[in-house]
Each structure stands twice: as C-alpha cells, then as structure tokens.
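Structure record follows, encoded as structure tokens.
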Amino acid sequence: MVVHTVLGSGDTAAVEAGLLRLVEDVRAQGVSTYVVLVQEPVGLAAEDPAADLALRVRAAAEQRGEDAVAVVVGFPGELLAVETTGLPLSATEVSLEAYDAREQVRTGLPDDPEGLAVRPTTAGEAAATLSALTGLREADPDAAEDRLPDLDAGTVGALREEPWVQRIEGYDPDADSWTTEPGTGLVVGTAVAVALLPVAWRLLRARRAVPTRSAARGGRARAGAAPDERALAAADLRRLDGALARGRPRGTTEAQWQQRRDLAARAHDEAARLLEDPRARQVDLVGARVLAQVGLASLAGRPAYHPCFVDPRHGAASTTIRAGGEVPACGSCAATARAGRAPAPLRRRTGLLRRDRPYWESDDVWGRTGLGALTDDLPAEVAADRRGEGR
C-alpha cells in the first residue's frame, strides 16, 4: 500500500494504519487488496488519467490471473473510473455501491464547534469505499439495488472523524470537484484511491449458479456489457449536464465559451439520443460515452478528445500504434503492441452470419470514425449518419 504524503491529511501514519485495517477486513473474506493513494501520476493518458490508471491495474490483475476490480476515487465523493474482471458484481454495480457508502458518510456530517466546515479527505473517500467492499461476502448480485449491505452506524461514525475528515474554512460542498487539499496547493481532483481487489469466485459462485427469474423467462439476464454500458453512459452524460449547467468559467472569453459550448451541446444531444434509444447496441452506448467525453473535453478547453482506437472503453489515447496506419491508443494497448502481441479490440457481431469482429470492420459511423479516435468532430459525424448520410 502506498499513501502519498500530501494526501495523508497531515497524519499519513494514521491514514496508512486505518487503511491497512480495512485491507485486513477485506482479506479476511479471501479477497487480496492493494491500495494506492497518490497525486496524479505521470505517464498516463492526459485526457482521463483515472480511467487509464484503472485500466492498467485491471490489466496487471489479468496478467496474474486474478479476478479483480479497480476503483479510482477522486474528491469529493466521485468515482472517476471503475474496471472489473472476473467478478460477480459488475463495474457499474461496484460503482453504485461504493457511491452509496460514501454518501452515507457525507450526508449529515456534524458541524464543527468552531464554525469550520467538515468534509471528507481524499483518504476518507478511499476508506469509505473499502468499508463498503468489506461486505462482499454478503453481496447479492441478483438484487435490483443494495447489492452490498449499508455501512453500520459505528463505521459511519468512525469515518466522520479524523483522519478521514478535515475542518476548513469556506468549504462549499456543491463546488466543482476539481479543487485542492488545504495547505498543499496541489490538485487532487484526480488524486486517486485505487483498490485492486482480486476476489475468489467461491465467495459468490453458488449464488451465480442459480438462474434468475428473468433468465428463466428468456429476459434481460443475458450476460453482456450492454446494461453496464448504458449505466456508464448515463453517468457520463450527467457529468456533461453538470458541466454545461455551470456555465462559462472564469478566464474564458464569451467567444471561446460559445465555441466550446457548441461542440459540447452537440455532443450532449447525440449522446442523449443514443442513450434514449431502446434498440441501442453496445457499440452505440460506447459511442454515447465517447460523445460525453468529447463534450467534457471541449468545455474544459482541452484538445479534442480521441479515445483508444483499439477499445474506446479504455479512455483517452496517450500515444499511437501501427494498425494498418498510425492510430491513437492508450498506454496499455501500446505496451501490448510493443511486446509483440495484438491488443484485444472492442468486438461486435456484424453481417448476416453475425460473426464476432473488431468494431472497426463495420461499415458504419463507428467503424469509419474509430468511435471518435479518427475524427475531431464526432458529434457532426454522428448527426450526419443519423440524418441518413451514413447509418
């Protein structure tokens, strides 16, 4: 376990000791746990380092043959990225359960006697997430919600005390989450708590073996990523909603804002249409997620968002690889290619025979644009396709 000093809330030793206790609680269930609390690391995808980091953790777990979940947490109480492999609980389910646990702690924080505001530290967010995951043995993957038990009152109370909270002046819980820890002057919006949790299948395999009623009826219980992608796309679209609602940031001219907002609004509209379509396929929902990221990058004044061409779910590209030509790729796919192996692409079933192929072999807007990797204006491409000029 690694805890960066500036994220130790002035008491790194206490933070490390507390997190280690939580790690042992999770390990007691047969779950190996690795925790890293760091300032934004270098060498990750510039557009979305949290997603890149989660992906790298997942890839490392897969190389070791571990069932795992990588959880990236940023202040205040926002899950920035989740990746899972081999778990009974999906990435979306883990996200929702961890979010609920942190909200339990954040809601109703006591007032400070001296009038200072009380808020969780980044380490506190990590502790709340790990506390939720100590309930994995009691997880119910077939439940509609609350798949993990709520935190008990004693746990919530402990997480509302130092070193998991700080008392500061002028804290606004509704402010933009990209902020700084008091006294550090360092950005921690992407400061992360990464929990890599290799989990033995025996914890929940018996429950998974029993067919659900919807599966017996031939309903929605089919294994696959589409339901998860819809939830993830909806979460990304909510982030874009919030960014649009905040309006023009300081230091941005009206002309700059109008240009950025135009692209973001078009990206929002196309993503919303895809998300609202009950016939949307997995690739469409991945496209909706990319569109949301295009909008967020535009509003922030960052360069055009280009996802990893190999699998856009990996997040923003940070380099290029040879794939018939130079294409954008994430760090993990680039490392795989440098090792002489072919990175695993996002695949889809296409054609009359419904063969499983890399998504880019399809003659549609997603194949032509590399799901946004090969164009600077994905909203325009999708809109033209929707009007009948492509799709």
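Annotation: the residues D236, D269, D356, sorted from fewest to most other C-beta atoms within 10 Å of their own C-beta, follow the order D356, D269, D236.
Inter-label distance, R167 to E276: 4.9 nm, where each label sits 7 Å from its Cα along the C-beta direction. Under the combined filter of DSSP loop state and at most 14 neighbouring Cβ atoms within 10 Å, segment 279-378 retains these trypsin sites (Lys or Arg not before Pro): R279, R341, R354. If r is the Cβ-Cβ distance from D111 to Q259 and R0 is 41 Å, what FRET efficiency results, to the nearest 0.05? That gives a FRET efficiency of 0.40.
Just so you know, all these numbers are worked out from the coordinates, no wet-lab data involved. Values in this document were obtained by computation on a predicted structure and should not be read as measured data. Glycine gets a Cβ as well: all are built from the backbone with ideal geometry, and neighbour counts include every protein chain shown.
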